[in-house]
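Here the structure is laid out as structure tokens; the discussion comes afterwards.
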Amino acid sequence: MSTRKTVEWGVLIGETVRPLPKAQNVTQALLMAEQPGNRGKRGNKPVVVFRDGAHDMWKRHRDNTPVPTQFALFDQEAS
């Protein structure tokens, strides 16, 4: 029996991550991110992000680069 991590997928819009709870893999996340409602105000191409748990930082799926979100920025200011 393998212990498989549950990955959470989302789309980065500005500094806010919109969760994609129905996405089970990167392909589904990419397809869902292309929906018209997931584009920024300027019509920028959506960025798919993921994390391994609720306490992990969101990372870009292409290069695993951590992305600061509004909550992450707040946490840095608070400490």
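Would you mind putting 22-30, 6-14 in packing order, based on average other-beta-carbon counts within 10 Å, highest first?
Numbers: 22-30: 14.2, 6-14: 18.3.
By packing density, highest mean first, the sequence is 6-14, 22-30.
Leaving ligands, DNA and RNA out of it, rank Thr69, Thr16 by accessible area with a 1.4 Å probe, largest first.
Details: Thr69 15, Thr16 60 Å².
Result of the area sort, largest leading: Thr16, Thr69.
The values are calculated or read from the model by the stated rules, or taken from the named source; none is laboratory data. The structure displayed is predicted, hence computed values, not measured ones. All Cβ positions, even for glycine, are placed from backbone atoms using ideal geometry, and neighbour counts span all protein chains on display. What goes into the accessible areas is simple: the full protein's heavy atoms, side chains included, and nothing from ligands, DNA or RNA. Shrake-Rupley method; radii C 1.70, N 1.55, O 1.52, S 1.80 Å.
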